[in-house]
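Below you'll find the structure, written out as structure tokens, and then a few comments.
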Amino acid sequence: MPDFDTSVPHIARVYDYWLGGKDNFAADRELGERTLEAYPNLVFSVRANRAFLARAVRFLAADMGIRQFLDIGTGIPTANNTHEVAQSVAPESRIVYVDNDPIVLSHAKALLASKPEGACAYLDADLRDPEKILAQAADTLDFSQPVAVMLFTILQFVTDDEVGAIVNRLMESFVPGSFLAISHPASDIDAEQHTEMVRRLNQSVAEKVALRDRAGVTRLFDGFELVEPGVVRAPEWRPDSEIEAKSPAVLWGGVAVKTRG
């Protein structure tokens, strides 16, 4: 029997439902539908987030030479997972996935298989416990070499009081030349509908969502050097096509490099 309550929706499984996945339960589907009623374009954001993740990983692996990735808030596996994109560029890439949902971890271990030249590890940990994440990630990643920290649609679960300290604690462990990549739901795009969607979500999930505006997301990169085009709507970050860039996604995204020790 599962060691979690399937009658209570979990954000990872709701997200899976939005993506059209099958790893969700009735409570997740019901909440997924209620939130989509409030903001039908939400599906575009969810897809744009995955596409931005793939473009960012490809940029980091192919253009920046990054071979190590720490992906926190992995979610249920879908297409173009971090290790698949990174190892398609460089098979020796090493990836640590972190999540705190038992369903995510069971699927990750079953589905996210590394190429033999590289490595994948799966940590059961919470973003709010960076010390645990770093201690366990060190078993797979070489902290003397650059690491890309991927924080995709995860920081909205952290309060303003905590978020800066968590990001800085993670990044201070890594050498200059490491990268920070973030996507974050926006408070200042389609504000009325998006806010109502989040209100409905927060009524039912344990981990409450806090939207941030572009300036708030940009502050998450304080101390790091943003790469072009800076913090933009996620579909507009180095898009593969004009059609992709025009997706009506309510997400800010950016990638930055650590330049100082």
### Task
Filter the range 154-181 down to residues that are under 23 Å from residue 61 (Cβ atoms) and polar (S, T, N, Q) and give me whichever is surrounded by the fewest Cβ atoms within 10 Å (Cβ to Cβ).
173
### Message
For the condition modelled with pLDDT of 90 or more and in contact with a Leu (Cβ under 6 Å, 6 or more places away or on another chain), what is the one hit in 185, 235, 239, 229?
### Response
185
### Task
Could you pull out every one of the helices (runs of 4 or more DSSP H) wholly within the range 48-150 that has 3 or more residues that are aliphatic (A, V, I, L, M) and either touching a strand residue (DSSP E or B) at 6+ places or on another chain (Cβ under 7 Å) or surrounded by fewer than 18 Cβ atoms within 10 Å (Cβ to Cβ) (or both)?
102-111, 130-137
### Message
Out of everything in the range 187-197 that is of a type outside the set (S, T, N, Q) and outside any loop (DSSP other than H, G, I, E, B), what residue ends up being most open to solvent (accessible area, probe 1.4 Å)?
### Response
192
### Query
Going by the conditions given, is residue 184 open to solvent by less than 10 Å² (accessible area, probe 1.4 Å), in a helix (DSSP H, G or I) and under 24 Å from residue 11 (Cβ atoms)?
no
### Query
Which residue pairs have Cβ atoms closer than 6 Å, lie 6 or more positions apart in sequence or on different chains, and pair a first residue in the range 239-250 that is closer than 17 Å to residue 42 by Cβ with a second residue that is aliphatic (A, V, I, L, M)?
247/48; 249/48; 249/234; 250/186; 250/189
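The values are calculated or read from the model by the stated rules, or taken from the named source; none is laboratory data. Values in this document were obtained by computation on a predicted structure and should not be read as measured data. Backbone-built Cβ (ideal geometry, glycine too); neighbour counts: all protein chains shown. Heavy atoms of the whole protein, side chains included, go into the accessibility calculation; ligands, DNA and RNA do not. Shrake-Rupley method; radii C 1.70, N 1.55, O 1.52, S 1.80 Å.
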